[in-house]
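The values are calculated or read from the model by the stated rules, or taken from the named source; none is laboratory data. Model, not experiment: these values are computed from the prediction. Cβ coordinates were reconstructed from backbone atoms using ideal geometry, including for glycine residues, and neighbour counts include every protein chain displayed.
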Amino acid sequence: MKSEFVTAITQLAAEKGVPREMVMEAIQQALVSAYKQHEEDSRLITAEIDNDSGDPHVYHWLTVVEDIADDVEIRVWDSSAEVRYLVLPLRPAGTDGWSEEELAAVVTRDCMIGTAVPVALDR
C-alpha cells in the first residue's frame, strides 16, 4: 500500500501535468540542500525516497582511505542501525557515598561505551 505522502506526490504531479519522477527528484534535491546546510563536508550527499513507503533516506558518502592494497578487505557495518546497547559501568571500589559529580569525574566516555573500567581516584 502506498503511503499518504506518495499518494499526495502522485496527485500533485497529475494536477500540475508533470511527471511524478520530476516532483520526486525535486523533493530529493531539497532534502540534499537542507542536509548540506548542516554539514561541513557536503560534497557527496544523495537522497532517495522509497516509491512505496515514501520513506526518505539521505546518504553522506565519505572517503575513508584513498588507496588500499588488493589483499586488504574493508567491511563497514553501522551497528547502531540494528542494535542498541546499554552499558552500565561498574561502580569503582571505595566510592560508596561519593556525589554524582565525584563519580562523573571517574566514569569516562570509554566507561560508558564499555571499553574501559572506571578507577577510583583519591578524593
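On inspection, Glu25 passes the criterion of being surrounded by 13 or more Cβ atoms within 10 Å (Cβ to Cβ), of a type outside the set (S, T, N, Q) and either assigned by TED's automatic domain parsing to the domain that holds Val117 or at pLDDT 90 or above (or both). When we screen Val18, Val6 for residues that are of a type in the set (Val, Ile, Thr) and in a loop (DSSP other than H, G, I, E, B), the only hit is Val18. When segment 28-52 is limited to residues that are touching a residue at least 12 places away in the same chain (Cβ under 8 Å) and assigned to a helix (DSSP H, G or I), the one that is surrounded by the fewest Cβ atoms within 10 Å (Cβ to Cβ) turns out to be Gln29.
What residue, among those in segment 54-70 that are modelled with pLDDT of 85 or more and not aliphatic (A, V, I, L, M), is nearest to Ser3 (Cα to Cα)? Once the filter is applied, the top-ranked residue is Gly54.
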